[in-house]
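The values are calculated or read from the model by the stated rules, or taken from the named source; none is laboratory data. Because the structure is a prediction, the values reported are computed rather than measured. As a convention, Cβ positions derive from the backbone with ideal geometry for all residues, glycine included, and neighbour counts pool all protein chains shown. Accessible surface areas use protein heavy atoms only, side chains included; no ligands, DNA or RNA. Shrake-Rupley method; radii C 1.70, N 1.55, O 1.52, S 1.80 Å.
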Amino acid sequence: MNFLNQILAYKRQELEVRKLFVPETELYKSKFFNKKCISLKTSLLDESKTGIIAEFKRRSPSRGMINKAADVLKVTKAYTANGASGLSILTDKYFFGGNSSDLVTARKNNIPILRKDFVTDPYDLIVSKAIGADVILLIAACLSKAKVRQFASLSKELGMEVLLEVHDEKEIGHICYDVDMVGINNRNLKTFEVDIQRSLVLSKLITADKIKVAESGIDDIKTIDLFKRSGYKGFLMGERFMKEPDPGKAFKEFVKLI
């Protein structure tokens, strides 16, 4: 069983338990549920910002513990203050050390927030809206084309934007009308190998009406410039900053070079 299948098997079991403890009817009562979402699309097109979707994550299956001590509010406030176009918050606990409360805390920032998790059920979308997410991540490797269409449509009904993540040519076919942004993940979720050529190759297959976001393997300004020349407006970056003792300071110093 590859890494992605292991993650999905666990997430499906976790989902059934969560549904028992927090019924969908309770989620609709959240103070965030009727909150108008902040547009990541608009933010990525704002030339005064960096285009960086700055990620908060404590660990990953490929790297292990990255930063156990990082404070989510301190880090996300620094990201926001120094020109991040959006935040990406990992909410998976078992594999990434995150939780829903991290996103609720980050919601104190007036900035678009992407909930980074493995969506496998409509319930996940309701949870995302209830905890304050503006954008939902749909991963093509985890979902059929029909599921992507269903989940993207429901996300839009809930007021959230949709970032569809793809990794290879066959997943391009998952792009549908309700997808706002297409993220090219340079990391193969089945092996965790990273190849930035993925973003360069697949950029040519994405239509101009979809905002392109490069994900994973972005460590320097040269890589961002390379992706910009291929039409990318967004750059999802996490480990580059989170591996530092002070991720917020690392982000501030990085954006000075842009």
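Before moving on, here are some points about what is shown:
- Part-to-part distance (alpha-carbon centres) for the stretch 83-108 and the stretch 194-210, which is given in Å: 26 Å
- Each 5 Å bin from zero holds the following percent of Cα-Cα pairs in the stretch 73-118: 5, 24, 33, 22, 12, 3, 0.
- Size descriptors for the stretch 1-58, from the alpha-carbon set: Rg then Dmax equal 17.5, 45 Å.
- Carbon and sulfur %, accessible surface of the chain computed with the full protein complex present, 1.4 Å: 52 percent
- For the pair L257 and S144, the difference between a 0.36 nm per residue extended length and the Cα-Cα distance amounts to 36.7 nm.
- Rg over Rh, two decimals, the chain (C-alpha only, Kirkwood Rh): 0.93
- Scaled radius of gyration (Cα, divided by 2.2 N^0.38 Å) that the stretch 59-141 gives: 1.07
- Derived scalar couplings between HN and Hα for the stretch 2-9 equal 6, 4, 5, 5, 5, 4, 5, 4 Hz in order, rounded to whole Hz, by the Karplus curve 6.51 cos²θ - 1.76 cosθ + 1.60 (θ = phi - 60°), x for Gly and Pro.
- Chymotrypsin sites (Phe, Trp or Tyr not before Pro) within the stretch 1-49, DSSP loop, no more than 15 other Cβ atoms inside 10 Å: Y28, F33
- Of the residues S153, L125, I206, the one whose Cα sits farthest toward the positive end of the charge dipole of the chain, with +1 on the Cβ of Lys and Arg and -1 on the Cβ of Asp and Glu, is L125.
- Ellipticity at 222 nm from helices only: DSSP H runs of n ≥ 4 in the chain, each -39500 (n - 2.57), divided by the residue count, give -10000 deg cm²/dmol.
- Accessible surface for the chain, divided over its residues, is 45 Å² per residue with a 1.4 Å probe.
- Under 21 Å from the Cα of K204 - lysines, other chains or at least 8 residues apart: K41, K145, K170, K212, K222, K228, K233
- Here the spin labels are modelled as points 7 Å beyond Cα on the Cα-Cβ line, and at F33 and E47 they lie 4.2 nm apart.
- Model label points for N2 and D71, set 7 angstrom from Cα along the Cα-to-Cβ axis, are 4.1 nm apart.
- Each of A141, S230, L257 was scored by the projection of its Cα onto the charge dipole of the chain, and the greatest displacement toward the positive side belongs to L257; charges sit on the C-beta of Lys, Arg, Asp and Glu.
- Per-selection Kirkwood Rh - the stretch 169-258 (Cα, Å, 1 d.p.): 14.0 Å
- Taking every DSSP beta bridge that has both ends in the stretch 159-258, the antiparallel portion is near 10%.
- Projected area averaged over orientations for the stretch 116-188, convex hull of C-alpha atoms, nm²: 4.3 nm²
- Distance between modelled label sites at T25 and N110, nm, 7 Å Cα→Cβ extension: 3.7 nm
- Per residue, the convex hull volume that the Cα atoms of the stretch 126-231 enclose (Å³): 110 Å³
- Counting only DSSP beta bridges with both residues in the chain, the antiparallel share comes to about 10 percent.
- Calculated FRET efficiency for the pair K228/E16, C-beta based, R₀ 45 Å, to 0.05: 0.55
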